[in-house]
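The values are calculated or read from the model by the stated rules, or taken from the named source; none is laboratory data. Please read these numbers as outputs of a predicted model, since none were measured by experiment. Every residue, glycine as well, gets a Cβ built from its backbone with ideal geometry; the counts of neighbours run over all protein chains shown. Only protein heavy atoms, including side chains, enter the accessible area calculation; ligands, DNA and RNA are left aside. Shrake-Rupley method; radii C 1.70, N 1.55, O 1.52, S 1.80 Å.
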Amino acid sequence: MVGLSLGEKHFIQGGIAQDLRCDGRKRLTYRPIYVETGIIPQANGSARVRMGATDVIASVKAELGRPSSLHPDKGKVSIHIDCSPTAEPSFEGRGGEELSSELSVALQLCLLGGKSGAGSGIDLRSLVVVEGKVCWDLYIDGLVVSSDGNLLDCLGAAIKAALSNTGIPRVQVTADPSSDEQPEVDISDEEFLQLDTSGIPVIVTLTKVGRHYIVDATGEEESQMSSAVSISVNRQGHICGITKRGGAGLDPSIILDMISVAKHVSEQLINKLDSEIAAAEAEEES
Amino acid sequence: MAGKAGTTPTTYSPSPTTKKTKAPLFKDDDVDWVRPDGRGFPQCRPAFFRSGAVNAASGSAYAEFGNTKVIVSVFGPRESKKAMMYSDVGRLNCNVSYTTFATPTRGQGSDHKEFTAMLHKALEGAIMMETFPKTTVDVFALVLESGGSDLPVVISCASLALADAGIMMYDLVAAVSVSCLGKNLVIDPILEEENCQDGSLMITCMPSRYEITQLTVTGDWSTPKINEGMQLCLDACAKLAKIMRSCLKAATDSQE
């Protein structure tokens, strides 16, 4: 919880109304984004993303599993977020649970697409090794190390970076695929396949403070919000998911306006993020 | 008895030859398919509401949309738990659970955390929390039978139960979802349609105030499609709210 005096509250709200926020940004400007990749050697892919004082880590682990009977031609992806008490004392014990599950659900909604797999950032068909028998299960875990607002966007960016960094081992299937038995697989530890991450959307959260809305709100600004809409947009400009937080209702026309603003902002964000990821990958290799 | 093989066929054993394969709901690029229950694409299931289903609760409601059957009870406002800190506005506590027999595969009957959080978010904007300081209102929803569009039905039913309990609200909350299947937008999807949907959009709104309290979208949507889906939902919400209102009116009329 952020404790603010009445003066500070007015200062934040007034600044947003005049398009000059406390840290000198405009309403639709992001804080600088820093990306590091490959920070967890145990995982198949990992990344750390920082935006101002918000600091998150995402890791991707791939395990062989069985596809579900409903979708035999698709792999499985699950997202879980952890809020560490090191970020905020209120996350201790069960305090972080509510936020963790809220973030996990929002990310699943925004990144994994519909039930048939349409609109998913990750092509689930590419995760299948033997149809109906063996597939890759991707476990995406996020950790909030330090929290200063805009966690969802930051986690979305970290997951995108971690997936670009992910190498999935090449698998050799030895048994006859037509037989009923579970085929034997041989996992290579030298050859890795890269995931196609070009379709993964970015999440843009528009936080409504007073009559205006801002991107990349800090913790102090978030404490003044009436509602926030998170919109995930992919490179084609298609909407892959929307969630809303905060109690206040919104007029439908405002939501449509937010969608068009989010589409515009997401273009810049995707380009910025892609160049940061490429730079981080280059640094890791050198 | 089991040893006498080949005399009489055991009628109850499932024979592998009668295994039926279900035809897919619609083929790719097929625009003119028929929905399993014969409805048109922009046609909702008939809605049935009844308030005052549970005597012990301060307010309750039962809703039935096709095969989706939901019961919601509201308790309170009652004193917040001792461990809770002082608050000059009221608290809302929600819970959504499924019966073990609600789903095609037998469930655990446990709480549905996702829906619980969504129900809370959808309702909190509509309730006048400042009218019951220091106290908590409990909203417990039970899905008796899951037949698709469970969450929208739970939300609409819960707002009716809150109204039945006399909790002050700005407006009734009506919720409707649409599924995107291939090229078509299908309103109020049933379970089979939900299982093969490409995307879904759910809107909960206060129709008289024309305000959206909660909205979720998944899947791949272009902007014109979102527009179309939202408009479809908002229209349906307005009509649903009328049905809910008439149910409340009928309940008070019968009391007099």
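Observations on the model:
- Backbone geometry of the stretch A:77-87 corresponds, through the Karplus equation with coefficients 6.51, -1.76 and 1.60 at θ = phi - 60°, to 3J(HN,Hα) couplings of 10, 10, 10, 9, 10, 10, 10, 7, x, 5, 6 Hz, x marking Gly and Pro.
- Based on C-alpha pairs under 8 angstrom that are at least 6 apart in sequence, chain A has a relative contact order of 21 percent.
- Pairs from the list A:LYS160/B:LYS183; A:LYS76/A:LYS133; A:LYS208/B:LYS242; A:LYS244/B:LYS225 with a Cα-Cα gap above 21 Å: A:LYS160/B:LYS183; A:LYS208/B:LYS242.
- Sequence ranges B:128-134, A:217-223, ranked by mean other-Cβ count within 10 angstrom, highest first: A:217-223, B:128-134
- Computed over the stretch B:120-179, relative contact order equals 46 percent, with contacts defined as Cα pairs under 8 Å that lie 6+ residues apart.
- 3J(HN,Hα) from dihedral phi, the stretch A:212-226, Karplus parametrisation 6.51/-1.76/1.60, rounded to Hz, x for glycine, proline: 10, 10, 10, 9, 6, 6, 7, x, 5, 5, 5, 5, 9, 6, 9
- Accessible area per residue for the protein assembly as shown is 49 Å², calculated with a 1.4 Å probe on protein heavy atoms, without ligands, DNA or RNA.
- Using alpha carbons only, the radius of gyration of chain B set against its Kirkwood radius gives Rg/Rh = 1.07.
- Summing both sides, the accessible surface hidden between B and A at a 1.4 Å probe radius is close to 2500 Å².
- Each of the peptides A:89-102, B:178-191 was scored by the mean count of other Cβ atoms within 10 Å over its residues; in descending order, highest first, they stand as B:178-191, A:89-102.
- Once the Cα-Cα distance is subtracted from the 0.36 nm per residue extended length, the A:ASP73 to A:VAL145 segment shows a gain of 22.3 nm.
- Potential lengthening of the chain between B:ASN93 and B:GLN255 amounts to 55.4 nm, from the contour at 0.36 nm per residue minus the alpha-carbon distance.
- If R0 equals 35 Å, the separation of the Cβ atoms of A:SER275 and B:MET85 corresponds to a calculated FRET efficiency of about 0.15.
- For the peptides B:78-85, A:235-242, A:25-32, B:32-39, the ranking by mean Cβ contacts within 10 Å, running from highest to lowest, is A:235-242, A:25-32, B:32-39, B:78-85.
- Peptide B:116-122 shows a mean partner chain C-beta count of 3 within 10 Å per residue C-beta.
- Prolate is the label for the stretch A:15-285. Its Cα gyration tensor axes, ordered a ≥ b ≥ c, give a/c of at least 1.5 and a/b above b/c.
- Charged-residue dipole, Cβ positions (Lys, Arg, Asp, Glu), the stretch A:15-285 about Cα centre, Debye nearest 20: 1220 debye
- Compared with the dominant Cα axis of chain A, that is its longest principal axis, helix A:6-17 is turned about 70°.
- Calculated over the protein assembly as shown, the projected area of the Cα convex hull averaged across directions stands at 31.6 nm².
- D_trans [Stokes-Einstein, Kirkwood Rh over alpha-carbon pairs] for the stretch A:32-73, 4 °C, 1.567 mPa s, µm² s⁻¹: 104 µm²/s
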